[in-house]
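The block underneath contains the structure these notes are about, expressed in structure tokens.
The values are calculated or read from the model by the stated rules, or taken from the named source; none is laboratory data. This structure is a prediction, so every number in the text was calculated from the model and none was measured. We place every Cβ from the backbone using ideal geometry, glycine too, and count neighbours over all the protein chains shown.
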Amino acid sequence: GNSVTQMEGPVTLSEEAFLTINCTYTATGYPSLFWYVQYPGEGLQLLLKATKADDKGSNKGFEATYRKETTSFHLEKGSVQVSDSAVYFCALILGGKLTFGQGTILTVHP
Amino acid sequence: GAVVSQHPSRVICKSGTSVKIECRSLDFQATTMFWYRQFPKQSLMLMATSNEGSKATYEQGVEKDKFLINHASLTLSTLTVTSAHPEDSSFYICSAVGVGTDTQYFGPGTRLTVL
């Protein structure tokens, strides 16, 4: 079956630090890949997506590149802010169904 | 664009009663809507897939008679939790997919508490 594995959190950083959240996947076909962000008490917001190998998704300073050879879609941001504190979910979609990773809690301190 | 709303955002009910949660796509037509359940500090669990005008497809282990789903129009799907019990307390989130795309846009979620 399909699965998504994220680095375990929580991740705690100081403001302006560099962020990487690792994500790898297993899929029986060629999925599209997503990062979603969930702020406390809210639903999920689409952060970025990539639909094919070597595509780079980017939004709000976050980036992730679809690496087919390593089946990865790591999330990066060069300088995090306190407002980036949230839970981040990596996900793939295949056959119309989303499969989520377990989520990574990010806390950014001033 | 691609805004999905849910109503109510929070509901508290007594054990044995039924609760209806609405999911609406506000600025696009959604051929497919999904219902998820999320436990504290956990990922989302897909409950069912809802296609407009047809019966919902439930995931294994989800009781279709307990979680009634209706997708009556291209902008509205409802989830009714029937005879709710405290173990049904959870955060319920819907998502919607527009025509010709595979990107799911999520609603803000509904916090259900059953006393």
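Can you list residue pairs whose Cβ atoms sit under 8 Å apart, with the first residue in segment B:83-107 being at positive phi and the second being outside any strand (DSSP E or B) and β-branched (Val, Ile, Thr)? Count only pairs 6 or more apart in sequence or on different chains.
Close Cβ pairs (under 8 Å, with a partner that is outside any strand (DSSP E or B) and β-branched (Val, Ile, Thr)) amount to B:SER83/B:THR17.
What's the number of the only condition in (1) assigned to a loop (DSSP other than H, G, I, E, B); (2) modelled with pLDDT of 95 or more that B:LYS41 fails to meet?
Result: B:LYS41 passes all but (2).
Identify the residue in segment B:18-49 that is within 12 Å of chain A (Cβ to nearest Cβ) and small (Gly, Ala, Ser) and, among all such residues, is surrounded by the fewest Cβ atoms within 10 Å (Cβ to Cβ).
By that ranking, first place goes to B:SER43.
Considering only segment A:1-75, give the strands (runs of 3 or more DSSP E) lying wholly within it that have at least 1 residues that are more than 21 Å from B:SER43 (Cβ to Cβ) and of a type in the set (D, E, K, R). Walk me through it before giving the result.
Working: elements: A:3-6, A:11-14, A:19-21, A:23-26, A:32-38, A:44-50, A:56-59, A:62-65.
It comes to A:56-59, A:62-65.
Can you tell me how many residues within segment B:59-98 are within 13 Å of chain A (Cβ to nearest Cβ) and within 23 Å of B:SER25 (Cα to Cα)?
The total comes to 9.
One residue is enough: does segment A:84-97 have a residue meeting the conditions farther than 23 Å from A:SER32 by Cα, at pLDDT 95 or above and part of a loop (DSSP other than H, G, I, E, B)?
For segment A:84-97, residues farther than 23 Å from A:SER32 by Cα, at pLDDT 95 or above and part of a loop (DSSP other than H, G, I, E, B): present.
Given the condition within 14 Å of chain B (Cβ to nearest Cβ) and at positive phi, answer yes or no: does some residue in segment A:23-38 qualify?
No, the conditions are met nowhere in segment A:23-38.
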